[in-house]
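Some notes on the structure that comes next.
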Amino acid sequence: MYRVWNFVTNYSLLLILGALFALIWANIDAHSYHAFVEFVLIDDFFIGHAHTDDHGHVHRTLTLHYLVNDVLMAFFFAIAAKEVWEAIILRNGSLRGKKAATPLFATAGGMFGPIAVYLGIATFLGSDTLSAVSRGWAIPTATDIAFSYLVGRLVFGAGHPAVRFLLLLAIADDAAGLIILAVFYPTGDLAPQWLLLSLGASVAVFLLFNWLPRRMDRGDQLRSHSTRVRKLLSYWPYAVAGVLSWYGFQQAGLHPSLGLLPVVPAIPHADRAFGIFSEAETHLHDLLNDIEHMLKHPVEIILFFFGLLNAGVEFSAISAPTWLVLSGLLIGKPFGVLLFGWLAAKPFGLGLPAGMRTVDLFVIGCVAAIGFTVALFIASVAFPAGAVQDAAKMGALFSFGAAMIAIGAGRLFRVQKQHL
């Protein structure tokens, strides 16, 4: 139990505290809470929420909410992208080869299932409800990696193959979620030419500070050029590229919190991956892992403020979108993961990891139904501030109930815990 609590404090405690403070504050004094969230830091700035005046000029206002959700959360998504990138590209990456096929199928089920349930129930409730909530279809597709991993360890034990399967599913879900945010939830009128700034910054920093030094080091076992660049410049070229890339995303009309993603693949990285939450990752000192280690504690603080600025919902906001999000997660996830995972394992012959049963897929789906962090984020961009957004956020918060359902399902289906 100590290891579980240590995990909570390392990855989730500040986020939980921020969300709890927000809920209490919003239900005690909603006016002061929302004034805090939308507090204007700088008016008429070069970054921030865009407003068009009567003359067609665009003005931007930097609020506290924008600073956290659109600027600082870029570091959170960069860390998520780093894990996805390593899982795909590196030797022994968890999303490479046949071993990843069944989890990827299960991930698809864990996304299509919630979408089908969400939109299906909304359609049943009538056209007015459907038109009001249809933009929120992606909210229940989310899986919170940290909380799901925590609950998965409680249900299966740290040594059960289902825990690794769950992590593969969650990482793939994150990758799909990043694509959904970029494609389906632009922040304004699209100006794709600005993406050339992001692409150019990423390519330039890769060629000048990654590829070229390694090219010059051919035949040099001491890697003198790469070492000199690392010592003299450290992460600064990539920080500059990240700023340019972020600005390109904002100007392009894409969600700027994704603005660091193009730079992640340009950073020098290890030649193999040990997997997210692996202790071995702490002993890797390539630049990409060093940057992740450096960002770990700042991102924990950022997640506290994310919870504080996004989870403040009045309980009176509970309405149809709450139950739609919750139904998508609690019904669509388990049955979607089970169905698609079974199709991959049995009819398609891809199989399951040794020690896993088909019924474990359902339990994994219950665990993956904890949407929380990413579900909250998608809710904040899917709907404008107001009753529908608040109701959808409440559904994301209530998804914590999936933990109890998963524990109950584990006992019902007699999951045998396996410890390391």
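Any read-out appearing in this document is the output of simple, stated calculations on the displayed coordinates, not a laboratory observation. Note that the structure is a prediction, hence the values are computed from the model and not measured. Reconstructed Cβ throughout: ideal geometry from the backbone, glycine too, with neighbour counts over all protein chains shown.
Points worth noting:
- Packing rank of 145-157, 129-141, 28-40, where each peptide gets the mean count of other beta carbons within 10 Å, highest leading: 145-157, 129-141, 28-40
- Order of SER234, SER245, SER327, SER257 - criterion: other Cβ atoms within 10 Å of each residue's Cβ, fewest first: SER234, SER327, SER257, SER245
- Shape call, the stretch 186-254: gyration tensor on alpha carbons, a/c limit 1.5: prolate
- Where the alpha-carbon atoms of the chain are placed on the principal axes, they occupy 63, 61, 40 Å, in descending order.
- Computed extension length for LEU199-PHE184: 3.4 nm, one decimal, from 0.36 nm per residue of separation with the Cα-Cα distance subtracted.
- In the chain, helices alone account for a calculated mean residue ellipticity at 222 nm of -19500 deg cm²/dmol, with every DSSP H run of four or more residues adding -39,500 (n - 2.57).
- Listed peptides 207-216, 259-268 appear in the order 259-268, 207-216 once ranked by packing, highest mean of other Cβ atoms within 10 Å at the front.
- Counted by Cβ distance under 12 Å from VAL381, the other residues give a net charge of +1, where Lys and Arg count +1 and Asp and Glu count -1.
- Exposure proxy shown here: for THR102, THR322, the number of other Cβ atoms within 10 Å sets the order, fewest to most, as THR322, THR102.
- Global form of the stretch 31-108, assessed from the alpha-carbon gyration tensor, a/c cut-off 1.5: prolate
- Cα-based Lys pair tally, the chain, threshold under 28 Å, eight or more apart or on separate chains: 18
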